[in-house]
1. Once phi is turned into θ = phi - 60°, what whole-Hz ³J(HN,Hα) does the Karplus curve with 6.51, -1.76 and 1.60 give for every residue of region 36-42, x standing for Gly and Pro?
2. Taking H as built 1.01 Å from N, whose amide H comes closer than 5 Å to the amide H of residue 218, not counting residues under 5 places away?
3. Most fluctuating residue of 60, 214, 70 in a GNM of the chain with Cα springs under 10 Å: which is it?
4. Grab every C-alpha pair in region 10-124, bin the distances at 5 angstrom width from 0 up to the longest one, and report whole percents.
5. Jot down the radius of gyration and Dmax of the chain, Cα atoms only, both in angstrom.
6. Could you work out the relative contact order of the chain, using alpha carbon pairs under 8 angstrom and six or more residues apart, expressed as a whole percent?
7. Calculate one ³J(HN,Hα) per residue across region 82-88 by plugging θ = phi - 60° into the Karplus curve 6.51 cos²θ - 1.76 cosθ + 1.60, and present them in order as whole Hz with x for glycine and proline.
8. Return 124, 143 ranked ascending by Cβ neighbour count within 10 Å, so the fewest neighbours appear first.
Amino acid sequence: MTPWSRALGLSAPIVCAPMGGVAGGELASAVSAAGALGMIGMGSSGAAEKLRAQLALLADGSRIGIGLVDWVRRRDAELLDVALAAQPVLLSISFGDDFDWVAAAHAANVSTITQVATVDEARHAAASGIDAVVARGKEGGGHGRPLTDRDALLDGVLAAVDIPVLAAGAIATATDVEYVINRGAAAAWVGTAFAACPESLSSPGTRAALIAADGRRTILTSAFDRAAGHDWPADIPERVLVNEFTDRWPSAADIDAKARNFLARADAADDPNGICVNAGLGVGSLTAALSAADVVGALTPGRRPSAETR
């Protein structure tokens, strides 16, 4: 345990990353019930009504976090209000450089955090009053600025700011969690390990692809975003599993009508050969669709895993 995780009332120094389209209310409740912090994520297609729908799925008394994308909450002015009204333990808003939302969160007695890809971003966030930052290495799955290895970024951010720093990127085992905690992280920010949980919003095709992946075939690309019409900036690609779609259209510049039609058909069929499956470099450690409680148990240093995870 760490002072930061203890202060949040956690028994495991683990936060389930607020993965858009994956981390909904059911997963957030299950992760928090197991002693870590579950979060509801609203990605580029997030909206106030979608957040309300996921909040309605929370188990009574769940203490969870909420994660938003900065330009999405600016597009939907109601989104921040809905998030704060839910009184989350933690509010994460990432991929922006204006922290005007921090004051509103503090006024609502909500702790704040943001993901950073550089030491300068961490300094700016700390100077803006943020309570904690996530040092997200380029090994992480999903969207992020792939600029620095996790450990180098973690070390640099720890040396630069006086607020808690969480580590993200290729954290897939209890050994990984223990390693980043010993390196100085306040907690581990974990995404891929929870993506196949039955409580997640992941489709059966996504779960199958994650479990079958060997961890060596991922790619950084904006091709899926371009084909699906998602408005992520070009400097924030996503790390995904390689499949037939990425083999044929590896970059955003390759996208054409054929690519869009191929992706639409794959999505409709939930075909792992064509759908977008976010995954970090630790995906090879994911070998079964374990419950959120079992994942928390398997990730927590010193905690005896259940028979299912051994």
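1. Values per residue, Gly and Pro as x: 8, 10, x, 9, 8, x, 10 Hz.
2. Amide H neighbours of residue 218, under 5 Å, 5+ apart: 242.
3. Among 60, 214, 70, the largest mean-square fluctuation in the Gaussian network model of the chain belongs to 60.
4. Percent of Cα pairs in each bin: 2, 13, 25, 25, 20, 11, 4, 1.
5. Rg, Dmax (Cα atoms, Å): 18.0, 52.
6. Working: 695 pairs, mean separation 53.5, N = 310.
Reported relative contact order: 17 percent.
7. My calculation for region 82-88 gives 5, 4, 5, 5, 6, 6, x Hz in order.
8. Values: 124 18, 143 26.
By the 10 Å Cβ count, ascending: 124, 143.
Every number in this text was worked out from the coordinates using simple rules, so none of it is lab data. Treat the numbers as computed from the prediction; the structure is a model and nothing was measured. Backbone-built Cβ (ideal geometry, glycine too); neighbour counts: all protein chains shown.
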